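The values are calculated or read from the model by the stated rules, or taken from the named source; none is laboratory data. Here the structure is a predicted model, which is why all the values come from computation and not from measurement. As a convention, Cβ positions derive from the backbone with ideal geometry for all residues, glycine included, and neighbour counts pool all protein chains shown.
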Amino acid sequence: GIFIVYNDTSPGVFVRNLPEIADIARNENILIVIDAVSILGGSKLFMDKWGIDVVAAATQKCLATPPGISMIAVSKDAWDIIEKKNVKSLYFDLKEYKKFSLRNETPFTPAINILFSLRESLKNILDIGLNNWIMMHKLRARILYTFFEMAGFKPFVKKKFRSDTVLSFSTPKEISPIKFKEELRNRFNIHIALGMGELKNKIIRIGNMGYIPFNNLASLILASSIIFKRYGIKIDIDEILDKDMVLK
């Protein structure tokens, strides 16, 4: 099988050519398994149309729900293989979950509070409209990419594979990623992340998932602008902030 992280939060990479990869896998009769934890609800994902066999996701990212539940969708082809396998794991035996699901139960005690929260989040997404919900992620990402590029920040990932839900940037030479992160946190109570592994302290990462009011987006831009002024970087934020482009 082929295993793909559809949206990798460490560098901010989004595998935009997933449909083409899935098409090749299907033609070669190879199962394809997708980690969609940080992208489900933030971008389009057509499991049946694209021929994806397994999609694993979770509640706490673009679905705007507290953490605590993971979800797995399985195609018929994948189930045919799973049914023939002897699973050594008790907790991760999908056959057991499927058996219990037929009577609307789970093998183990579920996080009931998270289930109720997920239901409300999904209702909210459907009220807004799934396409509109996804578009809000794209519009917020476009605003942030534009703003930080105007300030001399360089997107870490090539445009073709940039994520809309986790934005990563290299900072200008005069701005330390560590100090920029700390100043946002200490002065403005705004939290962003640094890189991971070899990218630790070399890039910044900004989460753009779920329900983010316009005021939160504006706060990040205004706070960053204040910091930039100390380095002689001035930006006309009126060109960036358009309250009609994102959800208030």
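Odds and ends about this structure:
- All conditions but one from (1) under 18 Å from the mean Cα position of the chain (by Cα); (2) at pLDDT below 95 apply to residue 203; the one that does not is (2).
- Helices (runs of 4 or more DSSP H) (entirely within the stretch 57-174) containing at least 1 residues that are closer than 20 Å to residue 6 by Cα: 76-84, 130-150
- Tallying residues that are farther than 22 Å from residue 58 by Cα and loosely packed, with under 15 Cβ neighbours inside 10 Å within the stretch 18-46 yields 7.
- Enumeration of residues in the stretch 164-206 that are of a type in the set (D, E, K, R), surrounded by 17 or more Cβ atoms within 10 Å (Cβ to Cβ) and touching a Ser or Thr at 6+ places or on another chain (Cβ under 9 Å): 164, 205
- Test: residue in the stretch 56-70 that is outside the structural domain of residue 207 (by TED's automatic domain parsing), charged (D, E, K, R) and closer than 30 Å to residue 213 by Cβ: yes
- Inside the stretch 195-246, residues that are assigned to a loop (DSSP other than H, G, I, E, B) and aliphatic (A, V, I, L, M) make up a count of 9.
For every residue, the table says whether it meets (1) surrounded by 15 or more Cβ atoms within 10 Å (Cβ to Cβ); (2) at pLDDT below 95.
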position: 88; (1), (2): no, yes
position: 123; (1), (2): no, no
position: 131; (1), (2): no, no
position: 134; (1), (2): yes, no
position: 137; (1), (2): yes, no
position: 143; (1), (2): yes, yes
position: 148; (1), (2): yes, no
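- Scan the stretch 175-190 for residues that are in a loop (DSSP other than H, G, I, E, B) and either over 14 Å from residue 221 (Cα atoms) or hydrophobic (A, V, I, L, M, F, W, C) (or both) and the total you get is 3.
- Some residue of the stretch 217-231 being among the charged types (D, E, K, R), buried (at least 16 other Cβ atoms within 10 Å of the Cβ) and not assigned by TED's automatic domain parsing to the domain that holds residue 61: no
- Checking each residue of the stretch 42-49 against the condition of being modelled with pLDDT of 95 or more, more than 20 Å from the chain's Cα centre (by Cα) and within 30 Å of residue 136 (Cβ to Cβ) gives at least one match.
- Conditions (1) of a type outside the set (Gly, Ala, Ser); (2) without any contact (Cβ under 8 Å) to a residue 40 or more places away in the chain; (3) under 27 Å from residue 7 (Cβ atoms); number of the one not met by residue 221: (2)
- Lone qualifier among 64, 57 - being touching a residue at least 60 places away in the same chain (Cβ under 8 Å) and surrounded by 19 or more Cβ atoms within 10 Å (Cβ to Cβ): 64
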